[in-house]
Each structure stands twice: as structure tokens, then as C-alpha cells.
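The values are calculated or read from the model by the stated rules, or taken from the named source; none is laboratory data. Please read all numbers here as calculations on a predicted model, not as lab measurements. All Cβ positions, even for glycine, are placed from backbone atoms using ideal geometry, and neighbour counts span all protein chains on display.
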Amino acid sequence: MENAAAMLGRYQEARALGRKVSAALLDRLPKSAFQEGARNLGVLRDNTLVLDGEQQMAVVMDYCIHDLRPNGRNAVEQWLATGAASLPAAEIEYLEALRQARFSYWQVEEIERGSGVRVRDLLNGEKRFLIDVGLSTTARVGVIMMGRLIIYNGLTMTTGASLGVGGFTQQQSTDAFEQELRALQAKVVRDAAAESVSNLNRMLIQLCFELTGEQRGRQRVPAAEPSGRGARVGRNDPCPCGSGRKFKHCCGGRR
């Protein structure tokens, strides 16, 4: 049986590979993609991003990679179809895992300090062990997070873009939230078509942005009409996508 140190070593390698692949995917997006994604999510007003910080920025980038589908393909599928054959095997395998990644709301049910958390998908009830050292030290049982999970090399982890929604002190409140999510799912997804799934993901992100805005004391407004002056990533700050470059030389140049 693999020990914790070996598992965490594989996790760190997978994380480094994920940052490299994500940066390359962002480079492959057309310049208009980031503005289109921000507009779809309701965080672009008068050509200005209105965000609560770097975590929301990372979610917008993740949405642009996975849920914008010009010509019926997202950035991952487009790369796999047209230019991935020459990549190292590990990168192709990671891209294939990204294609199967699942976006949802996840509730923490158990914590394993120093390694990760056990979570339950609030849309379909599926349970997974999410390896995330940081989350294992900060999360509380019952807290809900939104994000996209990928299974790579036997490990379940986030794509690097997730947001905590908070938790509910009463089970009936959790049940009511699950019902709201499932009603949203039923309204949007009539089949397994990729466009339907992407449309659901957009609405789930909008809901999360509204919920986190409420928790910060802002007025709840439709996601397409954000209010207030959200925190912005400075042009000379590290880009939230994890590329290691300055924001102005990376995703900030796409605005």
C-alpha cells in the first residue's frame, strides 16, 4: 500500500504538470475568449472586470478553458484533436483527464489532516477523496466548495480553480440547497450534450459568485449585472492561472 509521502510526491508532480498544461491552454485561447467568458459569467461591466479577488479570476479562466465551445469544442478538446500528438505522453494523459473533469458543488464530509478531504457531489451524490494539503488544514466538515475535479494518475484533485461557498449549520438547510442545485440541473440539462453541461456550469458559477457576494455583505443582484467595485489583480502581480508570469504578460493581456 502506498504511503502518504509517496502519494504527496505524486500529487506535487501532478500539480506542476497541471500548471504547465493550464498555462499552455490559456496561451491557445483567442484574445477575445477571456472577455467572452467574463461577460458570460456576469463579471464584465463596461469592459471592466468586477471580481472579489484572485480565486474568482482563476474560476473565470477555468471556465474559458473548459466551457467556451467555439465550433463545438472547448480548448482541451481542440488541442487533443489538432495538435497534441507531438506532446509528451504525460501531458497527453493529463489533457485526456481534463476532458473528463467534473464541475460541481462538493461538500466536505471528512478531513484527513495533511493529505486531503472526503467530499460528496451535491448534484449526483458521488463521493471522492480529494487530495489537497492546504484544504485539509483549513476546511471544516460540512463546508461546501465549488470547483472542477480531475482524476489523474490515480489521484483526485482540483484543476486549481475552486471557491468555498460556506456551510450550513442545519441539515435541512443543506437539503434545501441540494434541491436548488438539482432543480437548476433539471432545468438546464436535458441530455449529456457538452453544450448543455457547459451551460449548467455557467449557471453554477454565477450562483456561487452571488452566494459569496452575499456572504461579504453585498447586495444580491443578477449575475449579469454585478455591482460594486470588486478587488482586482494588479498588472504586475503573479497571474492567478499559475503560469509564473506577471498578470500583464499573461491573462491580463487578453482583456
Query raised in the report: Restricting attention to the range 92-103, does a residue exist that is out of contact with any strand residue (DSSP E or B) (no Cβ under 8 Å at 6 or more places or on another chain) and β-branched (Val, Ile, Thr)?
Result: yes
Query raised in the report: Got a number for residues in the range 111-120 being surrounded by fewer than 16 Cβ atoms within 10 Å (Cβ to Cβ) and over 17 Å from residue 155 (Cβ atoms)?
Result: 1
Query - Hits in the range 107-150 (condition: aliphatic (A, V, I, L, M) and within 21 Å of residue 200 (Cα to Cα)) - result: 119, 122, 123, 144, 145, 146, 149, 150
Report task. Could you please find all residues in the range 24-52 being among the acidic types (Asp, Glu), farther than 15 Å from residue 209 by Cβ and either part of a helix (DSSP H, G or I) or touching a helix residue (DSSP H, G or I) at 6+ places or on another chain (Cβ under 8 Å) (or both)? Result -> 27, 36
Query - Any hit, the range 53-63, residues being more than 21 Å from residue 155 (Cα to Cα), free of Cβ contacts under 8 Å to residues at least 12 places away in the same chain, assigned to a helix (DSSP H, G or I) and not basic (Lys, Arg) - result: no
Report summary line: Only one of (1) in a helix (DSSP H, G or I); (2) at positive phi does not apply to residue 13, and that is (2)
Query raised in the report: Can you tell me which of 98, 87 is more than 19 Å from residue 211 (Cα to Cα) and either assigned to a helix (DSSP H, G or I) or under 16 Å from the mean Cα position of the chain (by Cα) (or both)?
Result: 98
Requested in this report: Restrict the check to the range 120-136 and report whether at least one residue is within 29 Å of residue 6 (Cβ to Cβ), modelled with pLDDT under 90, out of contact with any strand residue (DSSP E or B) (no Cβ under 7 Å at 6 or more places or on another chain) and not hydrophobic (A, V, I, L, M, F, W, C).
Outcome: yes
Requested in this report: With the condition kept exactly as written, say whether any residue in the range 63-74 is surrounded by 18 or more Cβ atoms within 10 Å (Cβ to Cβ) and over 15 Å from residue 198 (Cα atoms).
Outcome: no
Query - Subset of the range 58-78 [of a type outside the set (S, T, N, Q), within 23 Å of residue 162 (Cβ to Cβ) and over 14 Å from the mean Cα position of the chain (by Cα)] - result: 69, 75, 76, 77
Query raised in the report: What's the number of the condition residue 123 fails, among (1) in a helix (DSSP H, G or I); (2) among the aliphatic types (A, V, I, L, M); (3) touching a Ser or Thr at 6+ places or on another chain (Cβ under 6 Å)?
Result: (1)
Query - Cβ-Cβ under 8 Å pairs, at least 6 apart or on other chains, the range 1-28 side modelled with pLDDT under 90, far side assigned to a loop (DSSP other than H, G, I, E, B) and exposed (fewer than 15 other Cβ atoms within 10 Å of the Cβ) - result: 4/114
